[in-house]
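> Have a look at this one before I ask anything.
Just so it is clear, none of the values below were taken in a lab; they were calculated from the coordinates. Just so we're clear, the structure is a prediction, and the values are computed from it rather than from any experiment. Note: ideal-geometry Cβ built from the backbone for every residue, glycine included; neighbour counts use all protein chains shown.
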Amino acid sequence: MESRTKVIIISDTHRQNDNFFKVLEVEKDFDMIIHCGDVEGSELTYTRAVNCRVEMVMGNNDFFSALPREREFYIGSKKVLVTHGHDYYVSMGNGIIKAEARARGIDILMYGHTHKPLVENEGGLITINPGSLTYPRQEGRRPSYAALYVYSDGEAIAEIKYL
Ligand SMILES: [Mn+2]
């Protein structure tokens with residue numbers, strides 16, 4: 001029987017977590033939360049709020065954090081890389097970080113830092129930037145996050161969602 005893993009991806013909350021709790025009111029039956037950095041000390045807020053696995057990485061504003069700079073793991077058959085992105089100059093574009101992901105054989109790349117949501121799917125690499133739930137910078141400036149669905153048949157679909 002086919003199974004589905006649903007992942008909620010957030011980033012750049014900067015210690016303002018009201019919109020995260022709004023996401024929890026909207027989203028049900030997810031299996032994992034991933035935070036792409038700039039948590040700013042709210043790590044326990046996330047891990048205590050949900051009963052599922054939570055993965056977080058360190059952002060450029062997480063000065064005293066014990067979080068890792070990067071995480072690599074599998075979701076189903078998909079190899080995932082999570083990093084904040086500032087080490088790969090994502091403010092200038094995502095060419096460098098995508099090249100790194102391809103070199104590592106990554107299937108799904110997640111980063112933040114720009115506060116601008118983005119989903120790309122090219123040549124077998126899915127790239128996700130959930131934007132920011134707190135300080136959105138894209139046109140219209142709606143707080144955003146992403147949902148990722150990984151199916152047991154190998155299919156993966158990501159979408160940007162707005163509050
Ligand atoms: Mn940020």
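> Which value in deg cm²/dmol, rounded to the nearest 500, describes the helix-derived mean residue ellipticity at 222 nm for the chain, given -39,500 (n - 2.57) per DSSP H run of n ≥ 4 and division by the residue count?
Counting only the DSSP helices, I get -4000 deg cm²/dmol.
> Here's something else I'd like to know. Running a GNM on the chain with Cα contacts under 10 Å, which residue among E55, E40, E122 ends up with the highest mean-square fluctuation?
E122
> I'd like the distance separating the alpha-carbon centroids of the stretch 1-38 and the stretch 98-163, in whole Å.
What the calculation gives is 13 Å, centre to centre.
> Next question, about the same structure. Highest first, please rank the peptides 6-12, 84-90 by the mean number of other Cβ atoms sitting within 10 Å of their residues.
By packing density, highest mean first, the sequence is 6-12, 84-90.
> Additional query: Can you compute the charge dipole magnitude of the stretch 4-162 about its Cα centre, using +1 on each Lys and Arg Cβ and -1 on each Asp and Glu Cβ, nothing else charged? Give it in debye, rounded to the nearest 20.
For this selection, approximately 80 debye.
> For the chain, what Kirkwood radius comes out of the mean inverse Cα-Cα distance, in Å?
Roughly 15.5 Å, rounded to one decimal.
> Of the beta bridges DSSP finds with both residues in the stretch 19-163, what % are antiparallel, to the nearest 5? Display every interim value, and only then the final one.
Details: 18 of 28 bridges.
Just about 65 percent of them are antiparallel.
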